[in-house]
1. Among the numbered criteria (1) closer than 18 Å to Val117 by Cβ; (2) open to solvent by 50 Å² or more (accessible area, probe 1.4 Å), which one does His87 miss?
2. Would you be able to say whether some residue in the range 81-101 is touching a helix residue (DSSP H, G or I) at 6+ places or on another chain (Cβ under 9 Å) and touching a residue at least 40 places away in the same chain (Cβ under 8 Å)?
3. Name the residue that is least open to solvent (accessible area, probe 1.4 Å), counting only residues in the range 35-58 that are touching a strand residue (DSSP E or B) at 6+ places or on another chain (Cβ under 8 Å) and within 26 Å of Lys111 (Cβ to Cβ).
4. For the range 90-118, how many residues meet the condition of being polar (S, T, N, Q), buried (at least 17 other Cβ atoms within 10 Å of the Cβ) and under 16 Å from the mean Cα position of the chain (by Cα)?
5. Looking at the range 59-76 only, could you name the residues that are more than 13 Å from Ala109 (Cβ to Cβ), hydrophobic (A, V, I, L, M, F, W, C) and part of a helix (DSSP H, G or I)?
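The values are calculated or read from the model by the stated rules, or taken from the named source; none is laboratory data. This is a predicted model, so every value here is computed, not measured. FYI the Cβ positions are ideal-geometry reconstructions off the backbone, even for glycines, and counts take in every protein chain you see. For accessibility, only protein heavy atoms count, side chains too; no ligands or nucleic acids. Shrake-Rupley method; radii C 1.70, N 1.55, O 1.52, S 1.80 Å.
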Amino acid sequence: VTHFSTSGDLHINVPARMASRTGANNDNALILYDGRPSDEVMATLQATPVSDKTKETYAQENAVFTIWLYDKDADSFINDEILESLHKANEEDQELPTSARHRPRLRRAIKEHLLAVN
């Protein structure tokens, strides 16, 4: 599960089976006991280049999931400031019958937030 905040922070919750089984003091663990990747893993991830096309593809796929969360009123999973902009975009989409179904403004707002993470 990934959580985005408006400050650009990206929070990743790692499944328990990936966490170090020996605790936070295990310096060899890729994923620390508290679910945080080790400094070595973070440095590798940050140094790995990701193309703009890949970012766009991920944003599109994650937008579908975020719309599903939004429709299920899963407000606890979406940052309040981001949620406010999503409400505004959704209201704009509902004003026009052609965009009410496809919700282009809502999709665009979500993708902008997702792409702003980097």
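1. His87 satisfies all of (1) closer than 18 Å to Val117 by Cβ; (2) open to solvent by 50 Å² or more (accessible area, probe 1.4 Å) except (1).
2. Yes.
3. By that ranking, first place goes to Pro37.
4. Adding up the residues that qualify gives 0.
5. Val64, Phe65, Trp68, Leu69
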